[in-house]
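Peer 1: The structure is given below, and queries will be raised subsequently.
Throughout, read-outs are computed from the coordinates displayed, never taken from laboratory work. What you are looking at is a predicted structure, and each value in this text was computed from that prediction instead of being measured. Note: ideal-geometry Cβ built from the backbone for every residue, glycine included; neighbour counts use all protein chains shown.
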Amino acid sequence: MKSEIIRKLKENNGYVSGQQLSESLGVSRTAVWKAIRRLREEGYQIEAVRNRGYRLLGSADVLTETECRERLAGCRLGSPVYCFGEIDSTNVRAKLLAEKGAPEGTLVIAESQTDGKGRRGRSWVSPPGEGLWFSLVLRPQIRPSITPTLTLVSAIAAAAGIEDVTGLPTRIKWPNDIVISGKKAVGILTELSAEAQETHYVVVGIGINVNMREFPEEIRKTATSLYLESGTFFRRSDIVAAVIKRMESYYTTYMETVSLEALRDEYTKRLVNRGREVVILEPQRERRGVCEGIDQNGCLLVRGEDGKVERVISGEVSVRGIYGYV
């Protein structure tokens, strides 16, 4: 009911009476009043004037289930949604829900994480009120061996969704870092549960530096935020809704062929690695070459010094001019 009330208040520039709300929702005026009170507690600024009704003045930048449901109405992904204040990790919570049978599309969002994770076990700084930390449960009927391609699908969705809202030119550092002005603004961590040839579920965790004004010293030279790049404060609910909507579109396209072929051009045009010298970092050695894009399976295509093109399946890749590599 709270989502419906917010939607109706947003549709009207003026006041909406309690009687109108109760009749349209099929509930008592007391129920409407209680819902309004809860919405105020969540951060919505709702004015109440006797004999006129209620008017939405605005809402704080607080991530709530009500706000997310209203913005994602009609979407298959992003429902149900769970919003938390502080938790250990949205990926951990999403995996627990998935183990209990949570449907595809389940979305877990947190104001802050105490144990946020990046790729290769690295920690992810997740302060309250400044960024977006969320995880999405997917249940693709695909072989476990090809689930890593979903990481690239998620990267396209995150880049496009952010650009839709902010207008900032977003790029992708293979496989899934979102880069703005040569610095990292978004990290993506994909985890799965599978056995033999069956994928039970995939959890896509996305961390977006939205309104950060500064970073810890150790990452200050390599990290950025949407605020620092634009000078604009963004509502996080706008960002998460845009990313989920893009994800639904790209994920649907991907599942039609279970291949990146249809999305390959979309990914490649954002690929910051393309045409640049890259260094492939491995435990025993380093190799250099020039990136030529990706194949339909998401592998990085690198032309080595010997002229041969190598398919890089996984590993750490540094790009000249990105994250301090020069």
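Peer 1: If each of S193 and I146 carries a label point 7 Å out from its Cα toward its Cβ, how far apart are those two points in nm?
Peer 2: The answer from the label model is 2.3 nm.
Peer 1: Another question, if that's okay. Dividing the convex hull volume of the alpha carbon atoms of the chain by its residue count, what do you get in Å³ per residue?
Peer 2: Taking only Cα atoms, the chain has a hull volume of 149 Å³ per residue.
Peer 1: Here is a follow-up. FRET efficiency for K269 and E86, Cβ-Cβ distance as r, R0 = 41 Å, nearest 0.05?
Peer 2: 0.60
Peer 1: Stretched out fully, how many nm does the piece from E47 to E11 gain, at 0.36 nm a residue minus the Cα gap?
Peer 2: That works out to 11.4 nm of additional length.
Peer 1: Within 10 Å of each candidate Cβ there may be at most 16 other Cβ atoms; applying that plus a DSSP loop requirement, which GluC sites (Glu not before Pro) in segment 185-225 survive?
Peer 2: In loop regions of segment 185-225 (DSSP not H, G, I, E or B), the sparsely surrounded GluC sites (Glu not before Pro) are E214.
Peer 1: At most 16 other Cβ atoms within 10 Å and a DSSP loop assignment: could you name the trypsin sites (Lys or Arg not before Pro) in segment 147-243 that fit?
Peer 2: Sites meeting the loop and neighbour criteria: R213, R220, K221.
Peer 1: Moving to a separate point now. Under the 0.36 nm per residue contour assumption, what length would be gained going from the current alpha-carbon distance of E104 and E214 to full extension?
Peer 2: That works out to 36.1 nm of additional length.
Peer 1: Taking only C-alpha pairs under 8 Å that are 6+ residues apart, what is the relative contact order of segment 277-319 in percent?
Peer 2: 38 percent
Peer 1: Just report the Cα centroid separation between segment 245-314 and segment 143-219, whole Å.
Peer 2: 14 Å
Peer 1: How long is the gain from H200 to N297 if the chain were fully straight, where each residue apart is worth 0.36 nm and the alpha carbon distance is subtracted?
Peer 2: 32.9 nm
Peer 1: Under 23 Å Cα to Cα from K10, which lysines show up? Leave out anything in the same chain fewer than 8 places away.
Peer 2: The reachable lysines, counting only those whose Cα sits under 23 Å from K10, are K2, K34, K245.
Peer 1: A follow-up question, please. Give the relative contact order (percent, whole number) for the chain; include only Cα pairs under 8 Å separated by 6+ residues.
Peer 2: That works out to 13 percent.
Peer 1: While we're looking at this one, here's another question. Output the DSSP H helices from the chain with an along-axis C-alpha extent of no less than 24 Å and a mean Kyte-Doolittle hydropathy no less than -0.5.
Peer 2: Membrane-span-like by this criterion, though nothing is claimed about a membrane: 149-166, 236-257.
Peer 1: While we're here: In terms of the ratio Rg/(2.2 N^0.38 Å) built on C-alpha atoms, what value belongs to segment 277-319?
Peer 2: 1.04
Peer 1: How long, wide and thick is segment 219-326, going by the Cα atoms along their three principal axes, in whole angstroms, largest first?
Peer 2: 48, 41, 23
Peer 1: Take the alpha carbon atoms of segment 37-110, find their radius of gyration, then divide it by 2.2 N^0.38 Å using N residues; give the quotient.
Peer 2: It is 1.37.
Peer 1: If you project the alpha carbons of segment 2-59 onto their three principal axes, what span does each projection cover, largest first, in Å?
Peer 2: 25, 21, 20
Peer 1: Could you state the number of Å between the C-alpha centres of segment 41-111 and segment 9-34?
Peer 2: Distance between centres, Cα-based: 20 Å.
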